[in-house]
Ligand code: KG4
Ligand code: ZN
């Protein structure tokens, strides 16, 4: 079954073609150049950039997959969560292709795509705990099976990637800054500054494994104001900040995996590209007897292959969505039904 999948939930225009879950092509057109001067994603500019990039991106995905529209069996697109204007571009384009060719259509939750991304490359059996850590999300889920996801914890303020990007701006590293902090931290001393590690006590009625990153962001800004950010200090601040964030992510993810009595932990989302996080979570997993799975970088960051995989499972189970599926800024995973 050949599926064309489209993903435009934030600032990447992505299209992929999968054949029965095997990735034939996976194209991502980045908008970093559009948003760089603003230090963050500007929603209106993102949707306009998607409009110019969507058709060439889909055409490239089809070309690389060696197939034409006539070879497709279905079309899928992300319906949410994300920026409404961005989502609408990919969703409308995918629905138009499905309508024009009379093909089945499935709308996919972006977060389900991230949770399943590890299964693009290897067979990761359920159940597993997934740490989803990106510019927009920092959440822990217990994935019991397709469509059966329990939220174990989430950030109460900023996403971890957002904290990386904001700290990078404070340090004068530009946008998006996660990767630059990662690179700079290699030459810094991670013990130079003791930035706070937020450990949230479970409150009645609240999720037990929540995160918070706003305090550390403020602490870094105050530190930079007090000491300045000359070249020598910058690397130390970057390394100390990164170490604190990684401490919080790894400590909470391992605790949640243990509590869920799972033996596998999947780490996905753009921040899972972080070299320190990758090394530390693998070490911590080894010590705790937990098998840690981190997808390849191209499947960690936003991509359409993961959307295609989630769609393939749903299509195989007989799911077909109407062309009235609408874009949704907020779309949690708990209310999803199993395919
Ligand atoms: O998943 P993603 O591509 O887009 C969404 O946010 O949905 O994640 C992007 C985020 C950005 O905040 C970026 O700074 C961060 O991932 N990121 C990193 C690294 N590479 C990307 N953060 C830390 N270290 C990295 N190496
Ligand atoms: Zn994402």
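The values are calculated or read from the model by the stated rules, or taken from the named source; none is laboratory data. Keep in mind it's a predicted model, so treat the numbers as computed, not measured. Counting neighbours? That spans all protein chains shown, and the Cβs are built from the backbone with ideal geometry, glycine included.
In this structure, does residue 313 turn out to be at pLDDT 95 or above and either within 21 Å of residue 164 (Cβ to Cβ) or touching a strand residue (DSSP E or B) at 6+ places or on another chain (Cβ under 7 Å) (or both)? So residue 313 does not fit the description; no.
For residue 89, indicate whether it is touching a strand residue (DSSP E or B) at 6+ places or on another chain (Cβ under 6 Å), away from ligand 1 (no atom under 14 Å from the Cβ) and closer than 23 Å to residue 310 by Cβ. For residue 89, the condition - touching a strand residue (DSSP E or B) at 6+ places or on another chain (Cβ under 6 Å), away from ligand 1 (no atom under 14 Å from the Cβ) and closer than 23 Å to residue 310 by Cβ - is not met. For segment 1-72, no strands (runs of 3 or more DSSP E) sit wholly inside it while including 3 or more residues that are within 15 Å of ligand 1 (Cβ to nearest atom) and on the phi > 0 side of the Ramachandran plot. Here residue 269 meets each of (1) surrounded by fewer than 16 Cβ atoms within 10 Å (Cβ to Cβ); (2) on the phi > 0 side of the Ramachandran plot with one exception, condition (1). Summed over segment 159-190, residues that are more than 10 Å from ligand 1 (Cβ to nearest atom) and under 15 Å from the mean Cα position of the chain (by Cα) total 0. Scanning segment 266-293 for residues that are within 13 Å of ligand 1 (Cβ to nearest atom), under 23 Å from residue 110 (Cα atoms) and over 12 Å from the mean Cα position of the chain (by Cα) turns up 274, 277, 278.
Scan segment 309-325 residue by residue and report those that are within 21 Å of the chain's Cα centre (by Cα) and more than 20 Å from residue 115 (Cα to Cα).
Within segment 309-325, no residue meets the criteria.
A residue that is within 22 Å of residue 310 (Cβ to Cβ) and surrounded by fewer than 19 Cβ atoms within 10 Å (Cβ to Cβ) occurs somewhere in segment 48-62. Taking residue 188, is it at pLDDT below 95, part of a loop (DSSP other than H, G, I, E, B) and more than 20 Å from residue 133 (Cα to Cα)? No: the conditions fail for residue 188.
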